[in-house]
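Peer 1: What follows is a structure written as structure tokens; I'll ask about it next.
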Amino acid sequence: MLDRVLITGGAGFIGSNLAEKYLNLGHEVHIIDNLSTGSLKNIRHLQEDAKFKDRFHVTIDTIFNEEVMLELVGTCGMVIHLAAAVGVKFILDNPLSSITTNIMGTEIVLNLCNKFRKKVLIASTSEVYGKQSKAPLEETDDITFGNSGKARWSYAASKLMDEFTALAYHRTTKLPTVIVRFFNTVGPKQTGEYGMVIPRFIQQALRDEDITVHGDGSQTRTFTHVNEVCDCIIKLMKCPEAVGEVVNIGGVEEVSMKTLAEKIIEKSNSTSKLTMIPYEKVYSKDFEDMPRRVPCTDKLHSLIGMRPQILLDEILEDIIEKFRTNAK
Ligand SMILES: NC(=O)c1ccc[n+]([C@@H]2O[C@H](COP(=O)([O-])OP(=O)(O)OC[C@H]3O[C@@H](n4cnc5c(N)ncnc54)[C@H](O)[C@@H]3O)[C@@H](O)[C@H]2O)c1
């Protein structure tokens, strides 16, 4: 019998894609989501698919409902904890609830996993590397954050606290925890509403509006297709050596935001032009952005024998096509 998988934040971008993968592998999947940034649209096709009728269960509620969580964690085989306040813009708009969700929410999940001795994956982020600008970034690298007057660092600090808590459970109670640091993960179903760059640029390009690039556009990132991220999660949850470890999951191709915008204009045959907007006009005046964020994925590869390799052109073509199809 395959494990019953509980996915917190399962109506979100990564969660809904992961739920679909686990269902296709034959697992029973239960998701819990309060729809704060997730959407029923992301999972409707799974609910309507006759193949998954008795294997896909949805609870619309918060992970802070301990009675509901007690039942869900108690009856599953493993937990993938993705529910969180996500994205720099969302964090800046909701500073207090974001910290509560990310720290106390994760503590609830870990406490229940410990009670029922369930293996759990904790979703962290490349943001925890803070001001570290070396490339590539390794899991053992030191970390420096900006000061606490700069609210954007609260996302990184809260996710780092999740890592410490998960590692502490593992060290003190041998709870099987796997911690992943996602670098920018992209793909169909991601919304640009909360500041995610690729869906925002693509929506602007498809409407032939100016593409608004923050700063001077020289900052670089890598992007990973959500399909590959989900494959990595599934393999890591089956890998005994990943227990008690922190693992980067990220893409290979470094690109500046200016080049990214130009590629999107070209691939979508858009007449959009680039407009550079200073950070202080988008965020508060003390906002800081990182010039570079490139992952080392050697540890991931040594654990599961694969690392994300879909190139940016293919990723962009896939997302542009899905945006066009959905707009019809
Ligand atoms: N997408 C990325 O590039 C990226 C990068 C780094 C880290 N992450 C992490 O991956 C995870 C998933 O992110 P995503 O990109 O799918 O974002 P998302 O916003 O689509 O998913 C998060 C989900 O959690 C749900 N949620 C939030 N608070 C909740 C609560 N209290 N109870 C129940 N559900 C709640 C939201 O409604 C949403 O569906 C998050 O933990 C995020 O921090 C994502």
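Peer 1: Classify the stretch 238-328: rounded, prolate or oblate, from the alpha-carbon gyration tensor (a ≥ b ≥ c, eigenvalue square roots; a/c under 1.5 rounded; otherwise prolate if a/b is larger than b/c)?
Peer 2: Details: a/c = 2.59, a/b = 1.44, b/c = 1.79.
Oblate, because a/c is 1.5 or more while a/b does not exceed b/c.
Peer 1: Over the Cα atoms of the stretch 85-183, what is the Rg over Rh ratio if Rh follows Kirkwood?
Peer 2: On the way: Rg = 13.9 Å, Rh = 14.1 Å.
We get a ratio of 0.98 for the stretch 85-183.
Peer 1: Still on this structure, please answer the following. Report the relative contact order of the chain, percent, no decimals, based on alpha-carbon pairs under 8 angstrom and at least 6 residues apart. Intermediate values should be presented prior to the final figure.
Peer 2: Working: 619 pairs, mean separation 54.6, N = 328.
About 17 percent, as a whole number.
Peer 1: Restricting things to alpha carbons, tell me how big the stretch 173-265 is in terms of Rg and Dmax, in Å.
Peer 2: Rg, Dmax (Cα atoms, Å): 16.4, 55.
Peer 1: Now for a separate question. Listed highest first by mean packing, meaning other Cβ atoms within 10 Å per residue, what order do 1-14, 131-144 come in? Walk me through the numbers on the way to the answer.
Peer 2: Details: 1-14: 22.8, 131-144: 13.6.
Order by mean packing, descending: 1-14, 131-144.
Peer 1: Moving on to the next point. State which helices in the chain qualify, where a helix is a whole DSSP H run, it must extend 18 Å or more along its own axis by its Cα atoms, and its mean Kyte-Doolittle hydropathy must be at least -1.0. Walk me through the intermediate numbers first.
Peer 2: Values: long enough: 153-173 (30 Å, -0.30); 312-327 (22 Å, -0.28).
Correct list, ordered by number: 153-173, 312-327.
Peer 1: Restricting to DSSP H runs of at least four residues, report the calculated mean residue ellipticity at 222 nm for the chain, -39500 (n - 2.57) per run over all residues, nearest 500 deg cm²/dmol. Walk me through the numbers on the way to the answer.
Peer 2: Details: 13 runs with 130 residues, N = 328.
The helix-only estimate for the chain comes to -11500 deg cm²/dmol at 222 nm.
Peer 1: Of L175, G217, C232, which is farthest along the charge dipole of the stretch 162-237 in the positive direction, counting Lys and Arg as +1 and Asp and Glu as -1 at C-beta?
Peer 2: The residue sitting most towards the positive pole is L175.
Peer 1: In this model, which of K119/K174; K89/K263; K189/K299; K189/K235; K21/K118; K51/K189 are farther than 18 Å apart at the alpha-carbon? Intermediate values should be presented prior to the final figure.
Peer 2: On the way: K119/K174 10 Å; K89/K263 24 Å; K189/K299 28 Å; K189/K235 23 Å; K21/K118 20 Å; K51/K189 22 Å.
Table pairs above 18 Å Cα-Cα are K89/K263; K189/K299; K189/K235; K21/K118; K51/K189.
Peer 1: Starting from the Cα gyration tensor of the chain, multiply each eigenvalue by 5, take the square root, and state the resulting semi-axes largest first in whole Å. Walk me through the numbers before you get to the answer.
Peer 2: On the way: eigenvalues 187, 109, 71 Å².
Over the Cα atoms of the chain, the ellipsoid semi-axes are 31, 23, 19 Å.
Peer 1: Please report, in debye to the nearest 20, how large the charge dipole of the stretch 258-322 is about its Cα centre when each Lys and Arg carries +1 at its beta carbon and each Asp and Glu carries -1 there. Present the calculation step by step, with values, prior to reporting the outcome.
Peer 2: Values: 11 positive and 12 negative charges, 30 e Å.
Dipole size: approximately 140 debye.
Peer 1: With no solvent and one equal point scatterer placed on each C-alpha of the stretch 18-130, evaluate the Debye formula and give log10 I(q)/I(0) for q = 0.17, 0.20, 0.24 Å⁻¹, two decimals.
Peer 2: Reported log10 I(q)/I(0), two decimals: -0.92, -1.20, -1.46.
Peer 1: Moving on to the next point. Normalised radius of gyration for the stretch 1-84, please: alpha carbon Rg relative to 2.2 N^0.38 Å, two decimal places.
Peer 2: Numbers: Rg = 11.5 Å, N = 84, 2.2 N^0.38 = 11.8 Å.
In units of the 2.2 N^0.38 Å rule of thumb, it is 0.97.
Peer 1: Sort 318-327, 180-189 for me by packing, meaning the mean count of neighbouring Cβ atoms within 10 Å per residue, highest on top.
Peer 2: On the way: 318-327: 14.7, 180-189: 21.8.
Packing proxy ranking, top to bottom: 180-189, 318-327.
Peer 1: Report, in debye and to the nearest 20, how large the dipole of the chain comes out about its Cα centre when Lys and Arg carry +1 and Asp and Glu carry -1 on their Cβ.
Peer 2: Working: 39 positive and 43 negative charges, 52 e Å.
The dipole magnitude comes to about 240 debye.
Coordinate-derived values only; no laboratory data. This structure is a prediction, so every number in the text was calculated from the model and none was measured. FYI the Cβ positions are ideal-geometry reconstructions off the backbone, even for glycines, and counts take in every protein chain you see.
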